[in-house]
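As structure tokens, the structure follows; a few thoughts come after it.
The values are calculated or read from the model by the stated rules, or taken from the named source; none is laboratory data. Predicted model only: the values in this text are computed from it and were never measured. Here the Cβ is made from the backbone with ideal geometry for all residues, glycine too, and neighbour counts use every protein chain on show. Just the protein is used for accessible areas: all its heavy atoms, side chains included, with ligands, DNA and RNA removed. Shrake-Rupley method; radii C 1.70, N 1.55, O 1.52, S 1.80 Å.
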Amino acid sequence: MDKRDLLTIGETAARAGVSVPTLRFYESKGIVHSTRTSGNQRRYPRHTLRRLAFVRAAQRFGLALADIRQALDTLPADRPPTARDWQRLSRRWHDALQERIDALVELRDTTSGCIGCGCLSTSTCPIYNADDRHAQEGPGAGRWPQGLREGH
């Protein structure tokens, strides 16, 4: 790789719109990778900027960092990802993203009743307790996992 294809940590952070500590954090989690100079300074390949853009977009839509890393792990580490690589990654997420979209649409379309009513009833609310599925378990905090109930 040509030296000109490598960016300093400051350049990478500035161009990606993240802080230097955030970039270090992402590296500690294996989301991005750097090489080191003889003076032990980090250098990032230019294609790291695309990874960081993907991370920021995915986080903006509520995806967990662990899921983002798992997806990025499918991309080649030794070269910039191709359009085909990115398409393969996005196909893997298609169904999960569609489920999330459907759930958000349902939440959007049903919360106006809750906002008007304000009850969030554990016995009748279609969002909090759809179809009253918890009625047979008893009221309220009795549904907490055993360890939490006893610990508090």
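Tabulated values for the structure
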item: The one condition in (1) at pLDDT 90 or above; (2) over 21 Å from the mean Cα position of the chain (by Cα); (3) open to solvent by 90 Å² or more (accessible area, probe 1.4 Å) that residue 50 fails to fulfil; result: (2)
item: Test: residue in the range 37-45 that is in contact (Cβ under 8 Å) with a residue 40 or more places away in the chain and either small (Gly, Ala, Ser) or farther than 16 Å from residue 89 by Cα (or both); result: yes
item: Counted residues, the range 81-107 - those being in contact with a Leu (Cβ under 8 Å, 6 or more places away or on another chain) and exposed (fewer than 11 other Cβ atoms within 10 Å of the Cβ); result: 0
item: First in the range 21-33 and touching a residue at least 40 places away in the same chain (Cβ under 8 Å) and closer than 12 Å to residue 72 by Cβ, second anywhere and open to solvent by 10 Å² or more (accessible area, probe 1.4 Å) and in a loop (DSSP other than H, G, I, E, B), Cβ under 8 Å, 6 or more apart; result: 30/73; 33/77
item: Qualifying position, being over 15 Å from the mean Cα position of the chain (by Cα), open to solvent by 40 Å² or more (accessible area, probe 1.4 Å), modelled with pLDDT of 90 or more and closer than 29 Å to residue 104 by Cα, among 39, 17; result: 17
item: Enumeration of residues in the range 1-13 that are open to solvent by 40 Å² or more (accessible area, probe 1.4 Å) and in contact with a strand residue (DSSP E or B) (Cβ under 9 Å, 6 or more places away or on another chain); result: 1, 3, 5, 6, 8, 11
